[in-house]
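The values are calculated or read from the model by the stated rules, or taken from the named source; none is laboratory data. Computed from a predicted structure; not experimentally measured. Cβ coordinates were reconstructed from backbone atoms using ideal geometry, including for glycine residues, and neighbour counts include every protein chain displayed. These area figures cover heavy atoms from the full protein model, side chains too; ligands, DNA and RNA do not enter into them. Shrake-Rupley method; radii C 1.70, N 1.55, O 1.52, S 1.80 Å.
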Amino acid sequence: MSVVLEVKGLTKMFGKRAAVNKASFEVNSGEVFGFLGPNGAGKTTAIKVIMGFLSPDEGEVIINGTNVQKNYEAAMENIGGIVENPEMYRELSGRKNLEMYARIHNNVPKGRIEEVLRIVGMENRADEKIKKYSLGMRQRICLAQALLHRPNLLILDEPTNGLDPAGIKELRDILKHLAHEENVAVMVSSHMLAEMELMCDRVGIINNGKILGIMPIDELLHKTSGDSCYHIKTNDSAACSELLEASYGSGSVKLIDGNSLELSVSEAEVPSVVRLLTENGFDIFNVSPAENSLEDAFISITGGGNSIA
Ligand code: ATP
């Protein structure tokens with residue numbers, strides 16, 4: 001893993017308001033980095049500065065060791081991005097659109113169009129007109145276009161917007177493949193917690209222009225756990241709850257439904273919990289660590305001021 005994108009103390013003002021406020025983070029080769037924050041947090045603005053569409057008021061952006069503001073063309077050589085969905089020629093096929101974009105870049109070898117079509121899973125539909133494509137298919141052609149010149153940094157602003165669950169999964173698989181198998185540094189912004197959880201290796205949380213935390217996704221999920229919490233599936237959770245409350249205190253037990261409950265205990269106490277329940281005649285079907293949702297973690301980090309979908 002090596003650092004591909006470095007964002008250092010980035011500030012972008014709109015009038016007196018900082019849309020991005022001293023933001024610093026890095027994106028490495030081989031990872032999907034999630035840029036997570038609610039609407040208006042500053043994600044698009046930060047991405048536009050990173051891609052050189054806007055100039056920063058403070059700070060710098062370095063891509064593959066080259067400063068975007070000082071040496072724009074060299075810095076852009078190895079970056080592929082989708083910010084606002086690019087215009088495509090609707091009357092032309094996906095393949096023809098890619099051929100036109102390939103001409104803009106000087107050194108796209110002949111076979112590369114086939115390669116990118118394969119990467120995004122569009123090789124069998126490439127000759128149909130863009131206007132016949134679904135949104136997900138158009139997105140995949142946009143992605144193919146962004147990959148034409150083999151960038152080692154891919155930046156996508158809210159790429160799953162408008163996609164159905166199947167389209168989201170396909171995109172997720174493509175981005176993970178690019179990062180994990182082809183060593184591309186992938187940065188994806190989103191306001192969707194569940195999506196980030198499945199797609200990203202690390203996340204940076206942004207709110208009101210400020211980076212509130214950067215961490216591996218697993219760490220974020222466990223961030224609010226403190227004392228371990230276990231999910232227990234049983235034949236009679238109400239009766240189990242009573243028994244457990246007597247031993248572990250009422251605050252440590254949460255009844256979920258007729259067959260499940262959550263219990264806050266340490267891992268060392270789990271065997272005695274299971275013994276207590278089975279010795280009292282209850283059936284235990286499953287005991288598993290209850291993971292905190294990204295939403296819990298987000299609320300704990302932001303203080304709950306702003307919500308995320
Ligand atoms: P969304 O998910 O809604 O796109 P975002 O996290 O991408 O949100 P931005 O679009 O970067 O957020 O907006 C950050 C802040 O900057 C918002 O308060 C927005 O209103 C403001 N802003 C963005 N672009 C401009 C502009 N061109 N002029 C003035 N203010 C702007």
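Taking amide H atoms as placed 1.01 Å from N in the peptide plane, the amide H of K129 has no partner under 5 Å among residues 5 or more positions away or on other chains.
Packing around the peptides 199-206, 51-58, taken as the average count of other Cβ atoms within 10 Å per residue, puts them in this order, highest first: 199-206, 51-58.
Rolling a 1.4 Å probe across the protein heavy atoms gives the chain an accessible surface of 48 Å² per residue.
Quotient of the Cα radius of gyration of segment 130-187 and 2.2 N^0.38 Å, N being its number of residues: 1.10. Inter-label distance, D236 to L198: 3.8 nm, where each label sits 7 Å from its Cα along the C-beta direction. Along segment 3-9 the Karplus relation, 6.51 cos²θ - 1.76 cosθ + 1.60 evaluated at θ = phi - 60°, assigns HN-Hα couplings of 6, 9, 10, 10, 10, 10, x Hz to successive residues, with x for each Gly and Pro.
Here's how it looks for I82: its modeled amide H is under 5 Å from those of I155, L156, D157, which are all 5 or more places away or on a different chain.
Going 7 Å from the Cα of L243 toward and past its Cβ, which residues in segment 264-290 have a backbone nitrogen under 18 Å from where you end up? Residues 264-265, 269-288 fall inside that zone.
For a straight C-alpha distance cut-off of 22 angstrom, the lysines reachable from K8 (same-chain residues fewer than eight places away being disregarded) are K16, K22, K43, K48, K70, K210. Provide, for q = 0.09, 0.16 Å⁻¹, the log10 of I(q)/I(0) from a solvent-free Debye sum over equal Cα point scatterers in the chain. Debye intensities relative to I(0), on a log10 scale: -0.57, -1.21. If you plug the beta carbon distance of K132 and N183 into 1/(1 + (r/R0)^6) with R0 = 41 Å, you get a FRET efficiency near 0.75. The phi torsions of segment 190-197, fed into the Karplus equation with coefficients 6.51, -1.76 and 1.60 and a -60° offset, translate into couplings of 6, 10, 9, 4, 4, 5, 5, 4 Hz, rounded to whole numbers, with Gly and Pro shown as x. When Rg and the Kirkwood radius Rh are both evaluated on Cα atoms of segment 227-291, their ratio Rg/Rh stands at 0.90. The aspartates and glutamates within cross-link reach of K169, meaning a Cα-to-Cα straight distance under 13 Å and a gap of 8 or more places when in the same chain, are E195, E197. Computed over segment 39-85, the alpha-carbon pair-distance distribution with 10 angstrom bins reads 27, 55, 17, 1, each value a whole percent. Averaged over residues, the count of other Cβ atoms within 10 Å places the peptides 266-276, 18-28, 109-119 in the sequence 18-28, 109-119, 266-276, highest first. Simple rule: put +1 on each Lys or Arg Cβ and -1 on each Asp or Glu Cβ in the chain, find the dipole, and look at I205, Q69, P289; the Cα lying farthest toward the positive end is Q69. Taking θ as phi - 60° and the Karplus parameters 6.51, -1.76 and 1.60, the scalar couplings of segment 20-32 work out to 10, 10, 6, 7, 9, 6, 10, 10, 9, 5, x, 10, 9 Hz in sequence order, x denoting glycine and proline. Relative contact order of segment 1-145, taken over Cα pairs closer than 8 Å and 6 or more residues apart, is 19 percent. At an R0 of 45 angstrom, the distance between the Cβ atoms of D164 and A268 translates into a FRET efficiency of 0.50. Of the residues Y89, V186, S55, the one whose Cα sits farthest toward the positive end of the charge dipole of the chain, with +1 on the Cβ of Lys and Arg and -1 on the Cβ of Asp and Glu, is Y89.
Scanning residues 5 or more positions from N207 or on other chains, those with amide H under 5 Å from its amide H are L212, with H placed 1.01 Å from N in the peptide plane.
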